[in-house]
Amino acid sequence: MSQRRDSRRSPTGVQRPDEAARLIEHVETHGVRFINLEFTDVVGMAKAVTIPAEQLGDTLAHGKWFDGSSIEGFARVAETDMFLRPDLATYAEVPWHATIEGRENGADESGPVARLICDVLLPGGERFAGDPRAALISALAAAQGLGFRYMVAPELEFFLLQGGEGEARIPLPQDRGGYFDLSTDIAADVRREIVAELGRMGIGIETSHHEVAAGQHEIDFTPDDALRIADAVVTARYAIKAIAQRHGLLATFLPKPFYGINGSGMHTHQQLIRPDTGADAFSDTADAQYGLSAVGRQFIAGQLAHAKGMSAVVAPLVNSYKRLVSGYEAPVMISWGRVNREALVRVPRVAPGQAESVRVELRSPDPSCNPYLAFAAMLRSGLAGIERELPLPPPVEEGLYALEEQDRLRRGIGLLPPTLGDALDLLRSDDVVRDALGEQIAAWLLEAKDQEWREYRERVHPWELERYLPQF
């Protein structure tokens, strides 16, 4: 970093000096040696600038300048100067770091490490439009303007794999367990360790369990504000990888790593809360069947209307569309219901005594998505349904995979895009979702994913050689 950039100061200082002073005192008292200033690129990969703890006070007061030119989708070469402004509410110590350092170096020489998640700002102090966190903050402000607080609770699925050393070996599922299996396998210990260490970082996990496929696991987040949960999902992904690595395993969030078995989703439960009363805006006990208010119905209608345009955001990989196929409890058709796990949107039954707490579950997101962008697109789509008072189509409770094509068309049930290429075309034509991302993020995402799709289409894959080479 150049002296010129070091000497620059942000026009906006710390807004809560008392909290900053308490944090600095806490860091000193606990002997924290280094602090990771974290942010994400447009695809949701965690990035960090690490500072010695002695620089924390200056960083909280003035931000930390960095060169954004090499970060995916962040800036052109002529616009590289940006700075990170830490969000004090995100401070957490990294509980596994000392263990890894100690194992690798024979002793814990570095001392405790903490993290702060940051917003990315431009030299003038305004939020950088290419920062995914800013896109979600903007969507949450829109919800607040309508009198709502957006709460989410994702179900994060992943695989624990083993083996795969050398180019020819493919990592395989670590266990042969099935749905909700109780076992004494090492994976069960790893899963409990994941929950415990996330808890030490202030991330609430309601439940964890083995999923349907061999080697597949799930952790379910405690409902919270969407920004806090987006921060938590990014943290959980690298935490799970670090903890798995400590046990000699590979954790992957690839949506469909293996043919013929269930893929990994990130089903997300959503609520709109009225901050003044704490009431659930989705709930209406007068609706005997689903308990949905008019707001709840309009919110679902908005997400159904923009499901195609959202797809490239919530399911952003070529591989994502190998999960979104019939037969594996993944959504293919754009419908809603309660008992139907093939539906895109579900309204789960509420627990006894909690009739005024209705959740709306969107089932198309997968764990490879950028949670900031996914939640922003989901929220803006739902709010568009409320603002336009969209009518909700009838629910579909029967099996969708067996539905005849003519019956599907007659009932107006649409299909999610079958490929990333189709999803990108649909994103281009959806103004609501593009506006949720912002012009800069939308343009970069489309450009980058177009290139990804082109590379995939042009590459010759092993399946083609195995299928066609003997015949032609």
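The values are calculated or read from the model by the stated rules, or taken from the named source; none is laboratory data. Treat the numbers as computed from the prediction; the structure is a model and nothing was measured. Neighbour counts run over all protein chains shown; Cβ positions are idealised from the backbone, glycine included. Remember, those area values only see protein heavy atoms, side chains included, never the ligands or the DNA or RNA. Shrake-Rupley method; radii C 1.70, N 1.55, O 1.52, S 1.80 Å.
Some notes on this structure:
- Scattering curve values for segment 186-296, log₁₀ I(q)/I(0), Debye with Cα scatterers, q = 0.13, 0.19, 0.22 Å⁻¹: -0.63, -1.02, -1.22
- Electrostatic dipole magnitude of the chain [Cβ: Lys, Arg +1; Asp, Glu -1; Cα centre; debye, to 20]: 480
- A straight Cα-to-Cα reach below 20 Å connects Lys64 with the lysines Lys47, residues fewer than 8 places away in its own chain not being considered.
- Backbone HN-Hα couplings from phi across segment 244-254 [Karplus 6.51/-1.76/1.60, Hz, Gly and Pro as x]: 4, 4, 4, 9, x, 10, 10, 9, 10, 9, 4
- Of the chymotrypsin sites (Phe, Trp or Tyr not before Pro) in segment 258-362, those whose Cβ has at most 10 other Cβ within 10 Å and which sit in DSSP loop: Tyr259
- Cα point-scatterer Debye curve for the chain, base-10 log of I(q)/I(0) at q = 0.07, 0.08, 0.09, 0.12 Å⁻¹: -0.38, -0.50, -0.64, -1.15
- Each helix, a run of at least 4 DSSP H residues, gives -39500 (n - 2.57); summed and divided by the residues of the chain, these come to -11000 deg cm²/dmol at 222 nm.
- Simple Cβ-charge dipole of segment 202-310, Lys/Arg +1 and Asp/Glu -1, about Cα centre, in debye nearest 20: 540
- Distance between modelled label sites at Arg341 and Glu54, nm, 7 Å Cα→Cβ extension: 5.7
- Solvent-accessible area per residue, Å², over the chain with all protein chains present [probe radius 1.4 Å]: 45
- Degrees between helix 17-29 axis and first principal axis of the chain (Cα, 0 to 90, nearest 10): 80
- Selected from Gln271, Leu317, Ser335, residue furthest toward positive end of dipole (segment 260-366; charges at beta carbon): Leu317
- Per atom type, segment 204-315 shows carbon and sulfur on 52% of its accessible surface, probed at 1.4 Å.
- Share of alpha-carbon pairs per 5 Å distance bin for segment 377-456, given as whole %: 3, 11, 17, 18, 17, 16, 12, 6, 0
- Amide H contacts of Gly204 (H built 1.01 Å from N, under 5 Å, at least 5 apart or other chain): Thr222
- Cβ-based charge dipole, the chain, positive-most Cα from Thr235, Ile194, Leu392: Leu392
- Taking 26 Å as the straight-line reach from the Cα of Lys322, the lysines in range (excluding those fewer than 8 positions away in the same chain) are Lys241, Lys256, Lys308, Lys449.
- Backbone N atoms of segment 249-269 closer than 18 Å to the 7 Å Cα→Cβ label point of Gln471 are not found in any residue.
- The gain in end-to-end length when the Asp431 to Gln144 segment is fully stretched comes to 101.2 nm, 0.36 nm per residue minus the alpha carbon separation.
- Per-residue Karplus couplings for segment 206-222, computed as 6.51 cos²θ - 1.76 cosθ + 1.60 with θ equal to phi - 60°, are listed in order as 6, 8, 9, 6, 6, 9, 5, 7, 4, x, 9, 9, 9, 10, 10, 6, 5 Hz, Gly and Pro entered as x.
- Portion, in percent, of the accessible area of segment 374-470 that falls on carbon or sulfur, probe 1.4 Å: 50
- On Cα atoms only, tilt of 439-458 relative to the major axis of the chain in degrees: 60
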